[in-house]
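This report refers to the structure that appears directly beneath it.
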Amino acid sequence: MSLETLTELIKNYGYLAILIGTFLEGETILILGGFAAHMGFLELPWVIVSAFAGSFSGDQLYFYIGRHYGPKIIAKRLSWQEGAAKVYKHLHRHKNLLILSFRFFYGFRNVTPFAVGAAHISRSRFFTLNLIGAIIWSITFASAGYLFGEAFRLFLDDFKRYELYVLLGLVLVGVLIWLATLIRHRRRALAHKK
């Protein structure tokens, strides 16, 4: 794949990738989106809007699925059982803070909306806190990616020649971290089951 093709893919599908990526998971794709905005391939405000829309709508959906099927889903996903137990524990002490901030804690992001829905937290409370949390999270991580691009530019004289390679490297690192975390959670869940 040529650099020109990659550039066109980012420009044409970058916002959609951010929307889908934040609907499913989040941090890595949003930081990459901020980085791409710094490089001029995307606009930072639209990166933030795409991330907000994906994150907010995904977590609302997961909340409602959790409200109806949460215990069944959590029981089937061994890797979520430990995380769900932590969520339930924190829900009793810090309900509002947990809902506002769960996106910022890696490993809690996926299980929390299901567990909160299963705990029958009010719909309006979750909606409001999820809305505020998604706005803060989107701005924070997109800006972090943008600032990373600026820091990278300051350290390299010939930034334009390396920026796409750095972006590809970040994508690869993000995928590897995600896979390593997934494998670790599955191993831990299997060990816990024994």
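The values are calculated or read from the model by the stated rules, or taken from the named source; none is laboratory data. What you see is a predicted model, and the numbers here were worked out from it, not measured in a lab. Don't worry about glycine lacking a Cβ; one is built from the backbone with ideal geometry, like all the others, and counts go over all protein chains shown. Only protein heavy atoms, including side chains, enter the accessible area calculation; ligands, DNA and RNA are left aside. Shrake-Rupley method; radii C 1.70, N 1.55, O 1.52, S 1.80 Å.
Kindly report the accessible area of the chain per residue (heavy atoms of protein chains, probe 1.4 Å, no ligands, DNA or RNA), in Å².
57
Would you calculate, for the chain, the mean residue ellipticity at 222 nm contributed by helices, counting each DSSP H stretch of 4 or more residues as -39,500 (n - 2.57) and dividing by all residues, to the nearest 500? Spell out each step's value before the answer.
Working: 7 runs with 167 residues, N = 194.
Computed ellipticity for the chain at 222 nm equals -30500 deg cm²/dmol.
Any idea which of PHE108, TRP178, SER55 is furthest toward the positive side of the dipole for the chain, if Lys and Arg beta-carbons carry +1 and Asp and Glu beta-carbons -1?
PHE108
Can you compute the modelled spin-label distance between ILE177 and THR128, with each label point 7 Å from Cα toward Cβ, in nm?
About 3.3 nm, to one decimal.
Gaussian network model of the chain, Cα springs within a sub-10 Å range: biggest mean-square fluctuation belongs to which of GLY26, GLY174, GLY145?
Top of the fluctuation ranking is GLY174.
Please label the shape of the stretch 53-131 as rounded, prolate or oblate, based on the square roots a ≥ b ≥ c of the eigenvalues of the alpha-carbon gyration tensor (a/c under 1.5 means rounded; beyond that, a/b larger than b/c means prolate, else oblate).
Working: a/c = 1.37, a/b = 1.23, b/c = 1.12.
Here the stretch 53-131 falls in the rounded category.
Pick from HIS38, HIS94, HIS68: which residue has the top mean-square fluctuation in a GNM of the chain where Cα pairs under 10 Å get a spring?
HIS94
Counting pairs of alpha carbon atoms under 8 Å apart in space and at least six apart in sequence, what relative contact order in percent does the chain give? Can you show the working numbers first?
On the way: 229 pairs, mean separation 58.1, N = 194.
Relative contact order, the chain: 30 percent.
For the ranges 70-79, 128-137, 57-66, what's the packing order if you count other beta-carbon atoms within 10 Å of each residue, average per peptide, and put the highest first? Can you show the working numbers first?
Values: 70-79: 16.4, 128-137: 18.7, 57-66: 20.2.
The packing order, highest mean first, is 57-66, 128-137, 70-79.
Do you know the relative contact order of the stretch 74-119, to the nearest whole percent, from alpha carbon pairs under 8 angstrom that are 6+ apart? It would help to have the intermediate numbers written out before the result.
Working: 29 pairs, mean separation 21.7, N = 46.
Taking the mean separation of contacting Cα pairs over the length of the stretch 74-119, I get 47 percent.
Roll a 1.4 angstrom probe over the protein heavy atoms and tell me the percent of accessible area of the chain that is carbon or sulfur.
On the way: 7400 of 10970 Å².
So the carbon and sulfur contribution to the accessible surface is 67 percent.
Would you work out the charge dipole size for the chain about its Cα centre, treating the Cβ of every Lys and Arg as +1 and the Cβ of every Asp and Glu as -1, and quote it to the nearest 20 debye?
For this selection, approximately 1540 debye.
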